[in-house]
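Structure first, commentary second.
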Amino acid sequence: MKLERQSAIRELVGSSLIPSQDELRRKLRKRGFAVTQATLSRDLHELHLFKGPAGYAFSNGNGNGAAVEVDDGPPTVSEVLDTFGLKVVQAVNQVVIGTVMGGAQAVAAALDHESWPEILGTIAGDDTVLVICADARQAAETQARLRKLLDQ
């Protein structure tokens, strides 16, 4: 299974732009390989793949970008909103984020990980994230920031 998975990774990186581990994980899942972030990081290391400005590439320069460094971090708020986000609405000192079914946990985790100072906490359901701010002004700023990321 490992050899087949690594072969699929080589093919994907060699034939298309792969800007993040999250994107690579999605493409692998479509090919029948469900991998964790840790397994994918190990595969990238073993295959000598690096992340450059244009995305993942082979260390010998073949692939889609210049070799720089491996991105082992969790996906950003921007990445998860791009993948799962649908809408953002303010409700007084709270912001409600609508996601695709099953996407709320990833969005809430990314927000929690990035520790935006205006966010006191998040609560995630299956397709909805409740973002709690200290006041209405901070909620408005958070909503604007999230909408900007969602509309990119």
Checklist entry - Can you give the helix-only mean residue ellipticity at 222 nm for the chain, where every DSSP H stretch with n ≥ 4 adds -39500 (n - 2.57) and the sum goes over all residues, rounded to the nearest 500 deg cm²/dmol? => result -14000 deg cm²/dmol
Checklist entry - Once amide H atoms are built 1.01 Å from N in the peptide plane, which residues 5 or more positions from residue 128, or in another chain, come under 5 Å H to H? => result 99, 104
Checklist entry - If we count every other residue with Cβ under 10 angstrom of residue 101's Cβ, Lys/Arg +1 and Asp/Glu -1, where does the sum land? => result -2
Next on the checklist: Can you sort 141, 46 from fewest to most other Cβ atoms within 10 Å of each residue's own Cβ?
Outcome noted: 46, 141
Item to check | Using θ = phi - 60° and Karplus 6.51 cos²θ - 1.76 cosθ + 1.60, couplings along the stretch 127-139 (whole Hz; Gly, Pro as x) | outcome: 10, 9, 10, 9, 10, 9, 10, 5, 8, 5, 5, 5, 5
Checklist entry - Taking Cα pairs under 8 Å and at least six residues apart, what relative contact order does the chain come out at, in percent? => result 17 percent
Checklist outcome for this item: The lysines whose Cα lies under 22 Å from the Cα of residue 2, excluding any fewer than 8 residues away in the same chain, are 27, 30, 51
Next on the checklist: Explain nothing, just compute: Karplus ³J(HN,Hα) = 6.51 cos²θ - 1.76 cosθ + 1.60, θ = phi - 60°, for every residue of the stretch 109-118 in order, whole Hz, x for Gly and Pro.
Outcome noted: 4, 5, 4, 4, 5, 6, 6, 4, x, 7
Item to check | the stretch 77-151 - charge dipole about Cα centre, Lys and Arg +1 at Cβ, Asp and Glu -1, debye rounded to 20 | outcome: 220 debye
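Rule-based calculations on the coordinates, nothing more; no lab input. Since we're looking at a predicted model, the values are computed, not measured. All Cβ positions, even for glycine, are placed from backbone atoms using ideal geometry, and neighbour counts span all protein chains on display.
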